[in-house]
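Read the structure below first, then the notes.
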Amino acid sequence: MADEKLSKLREAVAGLSQISDNEKSGFISLVTRYLSGEEEHVEWAKIHTPTDEVVVPYDTLEAPPEDLEETKKLLNKLAVLKLNGGLGTTMGCTGPKSVIEVRNGFTFLDLIVIQIEIVEKYTKSNIEVHTFNQAFLQNATDTKNKFDPMQSQYPRVVADEFLPWPSKGKTCKDGWYPPGHGDIFPSLMNSGKLDLLLSQGKEYVFIANSDNLGAIVDMNFLVKKGELFGNVTPKTLADVKGGTLISYEDKVQLLEIAQVPDAHVNEFKSIEKFKIFNTNNLWVNLKAIKRLVEADALKMEIIPNPKEVDGVKVLQLETAAGAAIRFFDHAIGINVPRSRFLPVKATSDLQLVQSDLYTLVDGFVTRNPARTNPSNPSIELGPEFKKVGCFLGRFKSIPSIVELDTLKVSGDVWFGSSITLKGKVTITAQPGVKLEIPDGAVIENKKYTQLN
């Protein structure tokens, strides 16, 4: 049955003129692996907590050279690649999330460019910077540079027929999908960018999500020897579903919640046993990428992603870049400070980075030293704040939250200017009632309603 499905799918894919032969080959390979059931299942008893040799503490890394010329030589070997695939649809965005304004009118991409320019200015180095998203690679150091095709596009599969949707007439963008950021490695090769970077003397690429404001160039990783360094950070209760690094059959491996047997899900979520989680920041040797892609050796775990689009049930098969760690030689995890993980996945995260909890200097977002609590406040905003436009419209200015522990907002709530929130705060508007918080209000350890 699987052979018959694959044969019909292969024939239909061959007739798709919208994608390259490399994309067709990559897609068929992914589907073949999926149908064969060859995916390895994790045996729970073989999982071990990684030692400090496998997941190295950040503070034990060798210090970078103080000599400016040596620093320049190291940075000249670096390329920076930002994953720009998040469309931010949950936040009401119609394009990449990286074009959302974060602070002072600057978007994520603006800040990335500023950060690199500052490093280049003081070290007189030349760092290649690119963004990798659903369809494009951009040289981000030149905002006027045109976009060049990079990430693969694969056809969505109609679930009940197991045929590519474009072959059924769905040739618009909804008929296609990007196969996850695990596609970054073959795309670097197929686009010609990998050979170009190597010809320019680049040796390493730093890969990180564009919406992670803490993922900045760090010289410590350029001194360390190895083919791949996966960054992890201490897990909190907010991160219990995130992937983690484990020792498995004498290799370091990424373990995602989707791979965990049902009987062990609660154990996986424990911050006592699994104390670290994957930040999706990778430092990778470019020659090693070339070697492994040419050998077709990167067989990362397949992530089936069923969806319903325009009333049609479709299937997407994806892979994750971090799962490649087990295929590289001398690959390790590095347990980095929490400051290197500052993502914006929802408007509650946007409130954090736009508040006085952080400051912006030379494109770098740094934490306000006046905040004595090492953890960030927990913020829960109601559906009225879910979309970026609605969120911004409900604040005259972002409240001061340096002394805030928790905030829960529900209902039709509007904030004035110069508001201060402290301790544990709950703000609730009753159904059908608009609640306006006055300018200059100070709310501390209080449940605030229109009745107060």
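Numbers for the structure displayed
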{"item": "Residue selected from segment 227-257 under the condition of a type in the set (Lys, Arg) and farther than 24 Å from ASN285 by Cα, by the criterion most open to solvent (accessible area, probe 1.4 Å)", "result": "LYS241"}
{"item": "Filtered residues of segment 35-59 (kept if surrounded by 13 or more Cβ atoms within 10 Å (Cβ to Cβ) and either over 27 Å from the mean Cα position of the chain (by Cα) or more than 26 Å from LEU228 (Cα to Cα) (or both))", "result": "LEU35"}
{"item": "Filter pass, LEU188 being buried (at least 19 other Cβ atoms within 10 Å of the Cβ) and assigned to a helix (DSSP H, G or I)", "result": "yes"}
{"item": "Only listed residue being under 22 Å from LEU81 (Cβ atoms), of a type in the set (D, E, K, R) and over 20 Å from the mean Cα position of the chain (by Cα), chosen from LYS313, LYS273, LYS345, LYS290", "result": "LYS290"}
{"item": "Within segment 224-235, considering residues that are out of contact with any helix residue (DSSP H, G or I) (no Cβ under 8 Å at 6 or more places or on another chain) and not in a strand (DSSP E or B), the one nearest to LEU254 (Cα to Cα)", "result": "LYS235"}
{"item": "Leading residue by the ranking (farthest from GLU203 (Cα to Cα)) among those in segment 250-292 that are part of a strand (DSSP E or B) and of a type in the set (Phe, Trp, Tyr)", "result": "PHE277"}
{"item": "Residue among ILE437, ILE427, ILE419 that alone is under 28 Å from PRO369 (Cα atoms), over 33 Å from the mean Cα position of the chain (by Cα) and outside the structural domain of ILE100 (by the TED database)", "result": "ILE437"}
{"item": "Qualifying residue in segment 355-363 (condition: under 19 Å from GLY416 (Cα atoms), modelled with pLDDT under 95 and open to solvent by less than 40 Å² (accessible area, probe 1.4 Å))", "result": "no"}
{"item": "Filter result for the condition that a residue is within 20 Å of THR60 (Cβ to Cβ) and assigned by the TED database to the domain that holds SER125, over GLY242, GLY226", "result": "GLY226"}
{"item": "Looking only at segment 316-342, and only at residues there that are open to solvent by 30 Å² or more (accessible area, probe 1.4 Å) and closer than 21 Å to TYR58 by Cα, the one that is nearest to the chain's Cα centre (by Cα)", "result": "PHE341"}
{"item": "Filter pass, GLU62 being part of a loop (DSSP other than H, G, I, E, B) and modelled with pLDDT under 90", "result": "no"}
{"item": "Filter result (outside any strand (DSSP E or B) and either crowded, with 17+ Cβ neighbours inside 10 Å or under 28 Å from the mean Cα position of the chain (by Cα) (or both)) within segment 400-416", "result": "ILE401, VAL402, GLY411"}
{"item": "Criterion violated by TYR448 - all others in (1) among the aromatic types (Phe, Trp, Tyr); (2) closer than 21 Å to VAL102 by Cα; (3) buried (at least 17 other Cβ atoms within 10 Å of the Cβ) satisfied", "result": "(2)"}
{"item": "Residues (open to solvent by 50 Å² or more (accessible area, probe 1.4 Å) and in contact with a Phe, Trp or Tyr (Cβ under 6 Å, 6 or more places away or on another chain)) located in segment 417-445", "result": "GLU436"}
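Here's the yes/no breakdown for (1) farther than 28 Å from PHE221 by Cβ; (2) open to solvent by less than 30 Å² (accessible area, probe 1.4 Å); (3) touching a residue at least 24 places away in the same chain (Cβ under 8 Å):
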| residue | (1), (2), (3) |
| --- | --- |
| GLU272 | yes, no, no |
| PHE277 | no, yes, yes |
| ASN281 | no, yes, yes |
| ALA295 | no, no, no |
| GLU301 | no, yes, yes |
| PRO304 | yes, no, yes |
| ASP310 | yes, no, yes |
| VAL314 | yes, yes, yes |
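The values are calculated or read from the model by the stated rules, or taken from the named source; none is laboratory data. This one's a predicted model, so the numbers in the text were calculated from it and none came from an experiment. With ideal geometry, Cβ positions are generated from the backbone for all residues, glycine too; neighbour counts draw on all protein chains shown. Areas reflect the complete protein model, heavy atoms only, side chains present, ligands, DNA and RNA absent. Shrake-Rupley method; radii C 1.70, N 1.55, O 1.52, S 1.80 Å.
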